[in-house]
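Peer 1: Here it is, the structure in full.
The values are calculated or read from the model by the stated rules, or taken from the named source; none is laboratory data. Quick caveat, the model's predicted, so the values are computed rather than measured. Positions of Cβ are generated from backbone atoms using ideal geometry, with glycine treated the same way; all protein chains shown enter the neighbour counts.
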């Protein structure tokens, strides 16, 4: 069994990863920025390590004390989005430098949406390197470089929709809020553009398998479903809210979707076949539409 240092340990995905690791018999050191995060980690049975992504000394000592690291934290500050990438890179470089030459595992986190830039309608696979100059892709490249420097480095590209109970700030709650505010559930054009999706618990199992066994230099895809048509997502939300489902033009998208206007038009079909083959990972939780139809996204406290 391993002692695993987890950043983002009290977050939506991170808390599920912590539980998955503990249930598998591992010990967990969770990075906690606040008293509330520390309390949540203690209640879960994890060891608390105080600090944040800007506290490089804390990240270094957490990595040194562990047998492996899972990096899930990211600064999502839309008021200062330009700083998010450099903060993340600083954290990745600090953690991997602490692990260099030890052959300990480091599992980083990226996303699949950048792969939509590789070509319209193209099914992205784990063999695809990401487009140059994208913030999260720079972090991927830094991770891959460490695979040749004595770190069992890998990364998980998460689907844009990591869905499940407790999802309060992801894309699906945002889309539900927009539909409620506008009185219709919308999609762009014919709505055939696709988003991959993964259930939170399937993602947690993938991270555990990665820290346990992913070979150095692995690109892993956290996509339980290759691509859910965006129209299907809008229709599922419309059914639950009993609202009309409408097509809008790209010119109207900014008014309806706001800062999500560019994202919702992406066609991002993504395969996880190689990830499943390499790690024996089998997504088994409900798919995105089935999860939406369970109704938990529409509870008053969601």
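Peer 1: For the stretch 8-23, give me each residue that is in contact (Cβ under 8 Å) with a residue 60 or more places away in the chain, in a loop (DSSP other than H, G, I, E, B) and in contact with a strand residue (DSSP E or B) (Cβ under 8 Å, 6 or more places away or on another chain).
Peer 2: Passing the criteria: 8, 9.
Peer 1: Moving to a separate point now. Conditions first: (1) over 16 Å from the mean Cα position of the chain (by Cα); (2) closer than 30 Å to residue 231 by Cα; (3) free of Cβ contacts under 8 Å to residues at least 24 places away in the same chain. Residue 141 passes all but one, so which condition is the exception?
Peer 2: The number of the failed condition is (2).
Peer 1: A follow-up question, please. Restricting to the stretch 46-89, name every residue that is exposed (fewer than 13 other Cβ atoms within 10 Å of the Cβ) and either closer than 21 Å to residue 105 by Cα or modelled with pLDDT of 95 or more (or both).
Peer 2: Scanning the stretch 46-89 gives a single hit, 57.
Peer 1: Any residue that is in contact (Cβ under 8 Å) with a residue 60 or more places away in the chain and farther than 19 Å from residue 162 by Cα - is there at least one of those in the stretch 261-269?
Peer 2: The answer is no; no qualifying residue exists.
Peer 1: Oh, and also: Please work out if residue 72 is in contact with a helix residue (DSSP H, G or I) (Cβ under 7 Å, 6 or more places away or on another chain) and over 29 Å from residue 224 (Cα atoms).
Peer 2: no
Peer 1: For the stretch 113-125, indicate whether the set of residues that are closer than 22 Å to residue 2 by Cβ, modelled with pLDDT of 95 or more and surrounded by fewer than 16 Cβ atoms within 10 Å (Cβ to Cβ) is non-empty.
Peer 2: Scanning the stretch 113-125, I find no residue that is closer than 22 Å to residue 2 by Cβ, modelled with pLDDT of 95 or more and surrounded by fewer than 16 Cβ atoms within 10 Å (Cβ to Cβ), so the answer is no.
Peer 1: Same structure again: For the stretch 90-102, check the following and say yes or no: at least one residue is under 30 Å from residue 228 (Cα atoms) and buried (at least 22 other Cβ atoms within 10 Å of the Cβ).
Peer 2: There is no residue in the stretch 90-102 that is under 30 Å from residue 228 (Cα atoms) and buried (at least 22 other Cβ atoms within 10 Å of the Cβ).
Peer 1: Something else now. Do we find that residue 150 is in the same structural domain as residue 125 (by TED's automatic domain parsing) and over 24 Å from residue 274 (Cβ atoms) in this structure?
Peer 2: So residue 150 passes the test.
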